[in-house]
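Chemist: Attaching a single structure in structure tokens format; questions to follow.
The values are calculated or read from the model by the stated rules, or taken from the named source; none is laboratory data. Everything quoted here is computed from the prediction, not taken from an experiment. With ideal geometry, Cβ positions are generated from the backbone for all residues, glycine too; neighbour counts draw on all protein chains shown. Quick note on the areas: whole protein, heavy atoms, side chains included, nothing else; ligands and nucleic acids left out. Shrake-Rupley method; radii C 1.70, N 1.55, O 1.52, S 1.80 Å.
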Amino acid sequence: MKEARPALRYAKAILNLAKEQGSDEEVNNNMKDIVATIAESDDLDAMLKSPVIKAADKKKVLDALFGDKVNNISKGLFNLLAENKRMLMLESVAKKYSIIYDYYKKMQVATVTTAVELTSELEAKIQEKIVEITGNSAAIENIVNPDILGGFILRVGDVQYDASISNQLNELRREFDDSHYIPKI
């Protein structure tokens, strides 16, 4: 991916500037909003990646879209990317910013796959399990997958804890296959 390294350099520069001004958390929230907005709008994504549309026009759209919702550092990123004709990297820079911000703040992101949407009660129990496994709390990202039938699959970094019903059924199936159970008649 050609834009990964430059996007990381932009993200690091933005984080350093935001830390100097004490607005690194606010910028992180801006970056998450930018990523979410681009992900929700195919038209915006296509416009940012279009080689036909001028960078100045792309910047005008972003200014109109985000206006007062983002701080001056985030607006400065729009200007910088427009000047360097790298607007297509905006989403990548915003994602990289959030990743390095989480690393800087020593925050973990736990991915929890469930059959249904997490309730606050279940989220609290999963947070306890995260602390039990890793020793730290983490931000929880919920993925809904009805195929797991029930329970949850928790992934924090390179650690995975599978407490899904489908996994338990698979384990039972393997036990029966391994035991070559033949009933007596």
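Chemist: Among (1) in a loop (DSSP other than H, G, I, E, B); (2) closer than 21 Å to residue 158 by Cα, which single condition is residue 103 missing?
Modeler: Single failed check for residue 103: (1).
Chemist: Does residue 156 satisfy the criteria of being out of contact with any Cys (no Cβ under 9 Å at 6 or more places or on another chain) and open to solvent by 20 Å² or more (accessible area, probe 1.4 Å)?
Modeler: no
Chemist: For the stretch 47-76, enumerate the residues that are under 26 Å from residue 23 (Cα atoms), of a type in the set (Lys, Arg) and more than 24 Å from the chain's Cα centre (by Cα).
Modeler: Listed by number, the residues that qualify are 58, 59, 60.
Chemist: What number of residues in the stretch 1-14 are more than 17 Å from the chain's Cα centre (by Cα) and either assigned to a helix (DSSP H, G or I) or modelled with pLDDT of 95 or more (or both)?
Modeler: Of the residues in that region, 7 qualify.
Chemist: Okay, next question. Name every residue in the stretch 90-109 that is modelled with pLDDT of 85 or more, open to solvent by less than 50 Å² (accessible area, probe 1.4 Å) and not hydroxyl-bearing (Ser, Thr, Tyr), in order of residue number.
Modeler: 90, 91, 93, 94, 100
Chemist: Suppose we keep only residues that are within 23 Å of residue 102 (Cβ to Cβ) and of a type outside the set (A, V, I, L, M) within the stretch 31-45. Which one would you say is surrounded by the fewest Cβ atoms within 10 Å (Cβ to Cβ)?
Modeler: My answer is 40.
Rundown of residues vs (1) touching a Cys at 6+ places or on another chain (Cβ under 6 Å); (2) part of a helix (DSSP H, G or I); (3) in contact (Cβ under 8 Å) with a residue 60 or more places away in the chain, yes/no style:
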{"site": "32", "(1), (2), (3)": "no, yes, yes"}
{"site": "36", "(1), (2), (3)": "no, yes, no"}
{"site": "39", "(1), (2), (3)": "no, yes, no"}
{"site": "46", "(1), (2), (3)": "no, yes, no"}
{"site": "85", "(1), (2), (3)": "no, no, no"}
{"site": "96", "(1), (2), (3)": "no, yes, yes"}
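Chemist: Shifting gears a bit: Of the residues 48, 17, which is over 17 Å from residue 102 (Cβ atoms), open to solvent by 60 Å² or more (accessible area, probe 1.4 Å) and at pLDDT below 95?
Modeler: After ruling out the rest, the residue left standing is 17.
Yes/no matrix, rows are residues, columns are (1) closer than 19 Å to residue 104 by Cβ; (2) out of contact with any strand residue (DSSP E or B) (no Cβ under 6 Å at 6 or more places or on another chain); (3) modelled with pLDDT under 90:
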{"site": "41", "(1), (2), (3)": "no, yes, no"}
{"site": "44", "(1), (2), (3)": "no, yes, no"}
{"site": "60", "(1), (2), (3)": "no, yes, no"}
{"site": "69", "(1), (2), (3)": "no, yes, yes"}
{"site": "74", "(1), (2), (3)": "yes, yes, no"}
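Chemist: Sticking with this structure for a sec: I'd like to check something: does the stretch 133-142 contain any residue that is open to solvent by 80 Å² or more (accessible area, probe 1.4 Å) and either basic (Lys, Arg) or closer than 29 Å to residue 18 by Cβ (or both)?
Modeler: yes
Chemist: Among the residues of the stretch 20-30, count how many are in a helix (DSSP H, G or I) and open to solvent by 40 Å² or more (accessible area, probe 1.4 Å).
Modeler: 5
Conditions tested, residue by residue: (1) assigned to a strand (DSSP E or B); (2) farther than 30 Å from residue 11 by Cα; (3) of a type in the set (A, V, I, L, M, F, W, C); (4) at pLDDT 85 or above.
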site: 111; (1), (2), (3), (4): yes, no, no, yes
site: 121; (1), (2), (3), (4): no, yes, no, yes
site: 125; (1), (2), (3), (4): no, yes, no, yes
site: 131; (1), (2), (3), (4): no, no, yes, no
site: 136; (1), (2), (3), (4): no, no, no, no
site: 142; (1), (2), (3), (4): yes, no, no, yes
site: 154; (1), (2), (3), (4): yes, no, yes, no
site: 163; (1), (2), (3), (4): yes, yes, yes, no
site: 166; (1), (2), (3), (4): no, yes, no, no
